[in-house]
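K.L.:
Before anything else, here's the structure in question.
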Amino acid sequence: MAVNTTDLAERLATAHGLSKAQAKTVVEDVLKGITEAAAKGEEVSLNGFGKFKVQNKPAREGRNPSTGATIKIAASKKLVFQPAKALKDTVNNG
């Protein structure tokens, strides 16, 4: 089962006595903050949860799988998540 922003907002509303609309605004603002920081190339570190980092991927050559022709793959940025030890331990120990 996947958890989405509405599910997170409902959990937040229940835990903190907020309306669902208020909780959804908080969740969306947190995600917006992470997105804006990542767009600037900043690392977002959430203690006990993990880090979001932007990695630069250099340009490279690749192959078209249908034709086998060599193609150029442009440089890009990739957003990666590195979980904190506490999160890994929780996931592995249930």
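K.L.:
Name the single residue, out of those in region 50-61 being of a type outside the set (Asp, Glu) and open to solvent by 60 Å² or more (accessible area, probe 1.4 Å), that is farthest from the chain's Cα centre (by Cα).
P.N.:
Arg60
K.L.:
Follow-up. Looking at region 79-94, which of the residues that are modelled with pLDDT of 95 or more and not in a helix (DSSP H, G or I) is farthest from Gly50 (Cα to Cα)?
P.N.:
Per the stated criteria, the residue is Leu79.
K.L.:
Cβ-Cβ under 7 Å, sequence separation 6+ or interchain: first residue in region 36-47 and closer than 21 Å to Pro83 by Cβ, partner in a helix (DSSP H, G or I) and open to solvent by less than 70 Å² (accessible area, probe 1.4 Å). Which pairs?
P.N.:
Val44/Ile34; Val44/Ala37; Val44/Ala38
K.L.:
Right, another one. Restricting to region 9-49, count the residues that are assigned to a helix (DSSP H, G or I), open to solvent by 70 Å² or more (accessible area, probe 1.4 Å) and touching a Lys or Arg at 6+ places or on another chain (Cβ under 8 Å).
P.N.:
1
K.L.:
Pairs only if they're at least six apart or on different chains, beta carbon under 7 angstrom, first in region 74-89 and more than 15 Å from Ser45 (Cα to Cα), second β-branched (Val, Ile, Thr) and surrounded by 12 or more Cβ atoms within 10 Å (Cβ to Cβ); list them, first residue then second.
P.N.:
Within 7 Å, the pairs are Lys77/Val54.
The values are calculated or read from the model by the stated rules, or taken from the named source; none is laboratory data. Just so you know, these numbers come straight off a predicted model, no measurement behind them. Because the Cβ atoms are built from the backbone with ideal geometry, glycine has one as well, and the counts that use them run over all protein chains shown. Just the protein is used for accessible areas: all its heavy atoms, side chains included, with ligands, DNA and RNA removed. Shrake-Rupley method; radii C 1.70, N 1.55, O 1.52, S 1.80 Å.
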